[in-house]
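Visitor: Before anything else, here's the structure in question.
The values are calculated or read from the model by the stated rules, or taken from the named source; none is laboratory data. Keep in mind that this is a model prediction, so the values were computed, not measured. Here the Cβ is made from the backbone with ideal geometry for all residues, glycine too, and neighbour counts use every protein chain on show. Only protein heavy atoms, including side chains, enter the accessible area calculation; ligands, DNA and RNA are left aside. Shrake-Rupley method; radii C 1.70, N 1.55, O 1.52, S 1.80 Å.
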Amino acid sequence: MLLTVPRSEGRDGKAKSGGSETLLRTAKDQLQKWIRGNVSACASSLFIFDEMDKLHPGVIDAIKPFLDYYEQVDGVSYRKAIFIFLSNAGGDLITKVALDFWRAGRKREDIQLKDLEPVLSVGVFNNKHSGLWHSGLIDRNLIDYFIPFLPLEYRHVKMCVRAEMRARGSAVDEDIVTRVADEMTFFPKDEKIYSDKGCKTVQSRLDFH
């Protein structure tokens with residue numbers, strides 16, 4: 001589905017012009033109609049909202065009635081529908097927690113959801129570029145889980161290289177695995193623990209080996 005959504009906003013996060021406000025209302029109406037139509041046809045519909053951090057603040061609140069604690073909205077039940085929101089917002093908060101664990105001598109695998117959920121919910125709620133800035137979805141506790149994507153370490157990058165080699169039908173050559181992983185850039189500047197781009201460039205780098 002393609003929505004025409006205004007991106008321009010003032011300091012209060014609201015659209016600057018009357019025309020933009022009209023576009024915002026239109027986008028909300030389109031979104032509600034689209035979801036209503038899909039759930040009416042299939043009660044167990046799955047909706048994935050990608051790049052939430054690029055969405056104008058306020059648009060996503062159009063779906064609040066569908067996630068709220070109602071059995072039905074205008075004769076349609078949304079209890080079986082699933083909504084997934086993907087966003088880059090909060091990445092800095094996730095990295096900070098991961099680094100705190102590492103500096104305390106604790107493993108990445110020791111990080112639990114309870115260590116990150118409160119930080120993420122408050123962080124995206126107060127982030128004007130999260131798509132969920134001051135959103136009623138968070139304020140009303142309508143989001144069940146905040147699931148973080150943890151930054152990848154050197155060993156994880158090597159796992160990605162091995163997986164890509166197997167996917168290509170090639171034998172895993174550990175020398176190549178190490179060379180590809182060593183070509184990646186890592187942060188923070190001093191510790192160099194986490195991959196800047198995760199495993200996104202593994203495929204293209206492997207092409208040169």
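Visitor: Say we look at the range 140-156 and pick out the residues that are hydrophobic (A, V, I, L, M, F, W, C) and open to solvent by 70 Å² or more (accessible area, probe 1.4 Å); which of these is farthest from Val202 (Cα to Cα)?
Guide: Out of the qualifying residues, it is Ile147.
Visitor: For the range 27-55, give me each residue that is in a helix (DSSP H, G or I) and either open to solvent by less than 30 Å² (accessible area, probe 1.4 Å) or on the phi > 0 side of the Ramachandran plot (or both).
Guide: Of everything in the range 27-55, those that are in a helix (DSSP H, G or I) and either open to solvent by less than 30 Å² (accessible area, probe 1.4 Å) or on the phi > 0 side of the Ramachandran plot (or both) turn out to be Ala27, Leu31, Ile35, Val39, Met52.
Visitor: Further, regarding this structure: For the range 88-128, name all the residues that are touching a Gly at 6+ places or on another chain (Cβ under 6 Å) and either closer than 24 Å to Phe186 by Cβ or not aliphatic (A, V, I, L, M) (or both).
Guide: Gly90, Leu93, Leu120, Gly123, Lys128
Visitor: State whether the residues of the range 158-180 include one that is on the phi < 0 side of the Ramachandran plot and within 15 Å of the chain's Cα centre (by Cα).
Guide: No, there is no match, as no residue in the range 158-180 is on the phi < 0 side of the Ramachandran plot and within 15 Å of the chain's Cα centre (by Cα).
Visitor: Now for a different question. May I ask you to list the residues in the range 106-116 that are within 21 Å of the chain's Cα centre (by Cα) and exposed (fewer than 11 other Cβ atoms within 10 Å of the Cβ)?
Guide: Glu109, Gln112, Lys114
Visitor: Then there is this: Looking at Met159, is it open to solvent by 90 Å² or more (accessible area, probe 1.4 Å) and more than 30 Å from Tyr78 (Cα to Cα)?
Guide: In short, yes.
Visitor: Separate question: Note down all Cβ pairs under 6 Å where the first residue falls in the range 84-101 and is free of Cβ contacts under 8 Å to residues at least 24 places away in the same chain, the second is buried (at least 17 other Cβ atoms within 10 Å of the Cβ) and in a loop (DSSP other than H, G, I, E, B), and they're at least six residues apart or on different chains.
Guide: Listed by first residue and then by second, the contacts come to Phe101/Ile111.
Visitor: Return the total of residues in the range 123-139 being open to solvent by 50 Å² or more (accessible area, probe 1.4 Å) and under 19 Å from Leu67 (Cα atoms).
Guide: Here the count works out to 2.
Visitor: While we're on this one: So for the range 93-105 (the condition being within 15 Å of Asp53 (Cα to Cα), open to solvent by 40 Å² or more (accessible area, probe 1.4 Å) and in a helix (DSSP H, G or I)), does at least one residue qualify?
Guide: Checked against the condition, which is being within 15 Å of Asp53 (Cα to Cα), open to solvent by 40 Å² or more (accessible area, probe 1.4 Å) and in a helix (DSSP H, G or I), the range 93-105 yields at least one hit.
Visitor: Right, another one. Go through the range 123-161 and give me each residue that's assigned to a loop (DSSP other than H, G, I, E, B), touching a residue at least 12 places away in the same chain (Cβ under 8 Å) and of a type in the set (D, E, K, R).
Guide: Correct list: Lys128, Arg140.
Visitor: On to the next question. Filter the range 56-81 for residues that are in contact (Cβ under 8 Å) with a residue 24 or more places away in the chain and on the phi > 0 side of the Ramachandran plot; which is surrounded by the most Cβ atoms within 10 Å (Cβ to Cβ)?
Guide: Gly58
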